[in-house]
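The values are calculated or read from the model by the stated rules, or taken from the named source; none is laboratory data. Computed from a prediction, not measured in an experiment: that's the story for all the values here. Every residue, glycine as well, gets a Cβ built from its backbone with ideal geometry; the counts of neighbours run over all protein chains shown. These accessible areas exclude ligands, DNA and RNA; they are computed on the full protein's heavy atoms, side chains included. Shrake-Rupley method; radii C 1.70, N 1.55, O 1.52, S 1.80 Å.
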Amino acid sequence: MASPLLTLPGAVAGDGIDAPVAAHYGSFNSEQRTLVGGEGFVDLSHRDVLRIEGPERLSWLHNLTTQFFLDLTPGTWTQALVLSPQGHVEHEMTGVDDGEAFVAHTEPGRGAALVEWLERMKFMTRVEVSLVDDVAAMWRPSGPSFVPREKLAAFADAAGPACGLWAFEALRIERGEPRLGLDTDHRTIPNEVGWIGPAVHLEKGCYRGQETVARVHTLGRPPRRLAMLHLDGTENRLPAVGTPLLHEGRECGFVGSSARHHELGPIALALVKRNVPVDATLMVAVAEGDHMPAGQEVVVDPEVGLHVRPRLR
């Protein structure tokens, strides 16, 4: 559903899966500076929200996901993944427990599939899982939160100024934080995109897909690596999600999300084959015979594993 905050002055709606919220409110550059300065808020109310309640919810999530839930204290935000048996990322969620329920948000349109999978995993566990539409995800420089939808206008008045998703995305890309389905594909494993640590706890019991994660972490050198691209600043365009990347004329990966950063210019995240040199200039194949040069900045080291720690941005 379209956010009621699209009625705020200057609001311009986004596109694609982000169409229900504002891309910007007049100036995405000044909005980035507002967020960097520790002020403002970002409307993430288009993201799907699920609620998991019941006395066994934390131990159940601990067994199913990549995250350590057993000692999760109320009010502590955490990120978790659901992997396939082969270790590929199928679902991602970020949420918080309030002492009675774990409430999480995930990418727009992905909540129903996640709830369906969780329902199949209940068996005799005392948990209840549901999609909820009466609360919305919000983000401020001080951290994320959930706000009742009927109080969004009051929240905006108190937390302003409003900053659009373009500003939020530019800063997210700068931090090297991937979005599921944009910066990942069906083959992505957590080791490739920097999710070891933030979303994958390495000192917990078994969960689906753990063998792949542990093996790649122990041996290092995942098949691909997340990189930040510095796109040609003379081009007044951004590549679409999934645009192929070329190195020496051969496809070597794909571009994920992209944005215009207020200081860095046009940037993007990309999944690149591990054997591509980190200092190589890549070509973004925006169309047949039309290539945009891009420099790389390391987000995930090509040797990342037990003896090579992820780079902290």
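Structure summary
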read-out: Spatial separation of Cα centroids for segment 105-166 and segment 1-73, in angstrom; value: 7
read-out: Highest to lowest packing among 1-12, 175-186, 39-50, scored as the average C-beta count within 10 Å; value: 39-50, 175-186, 1-12
read-out: Accessible area per residue, Å², the chain with all protein chains present, probe 1.4 Å; value: 45
read-out: Relative contact order computed over segment 223-298 (Cα-Cα under 8 Å; 6+ residues apart), in percent; value: 39
read-out: For segment 223-298: rounded, prolate or oblate by the Cα gyration tensor [a/c cutoff 1.5]; value: oblate
read-out: Per-residue [θ]222 nm for the chain (sum of -39500 (n - 2.57) over DSSP H runs n ≥ 4, rounded to 500); value: -5000 deg cm²/dmol
read-out: Within straight-line cross-link reach of Lys122, aspartates and glutamates at Cα separation under 14 Å, skipping those fewer than 8 residues along the same chain; value: Glu53, Glu56
read-out: Solvent accessible area, Å² - Ile196, 1.4 Å probe, full protein context; value: 30
read-out: Packing rank of 71-78, 288-295, where each peptide gets the mean count of other beta carbons within 10 Å, highest leading; value: 288-295, 71-78
read-out: Segment 52-110, accessible surface, carbon-and-sulfur percent (1.4 angstrom probe); value: 49
read-out: Relative contact order of the chain, defined on C-alpha pairs under 8 angstrom at six or more residues apart (%); value: 18
read-out: Cα gyration tensor shape of segment 143-250, rounded if a/c is under 1.5, else prolate or oblate by comparing a/b with b/c; value: oblate
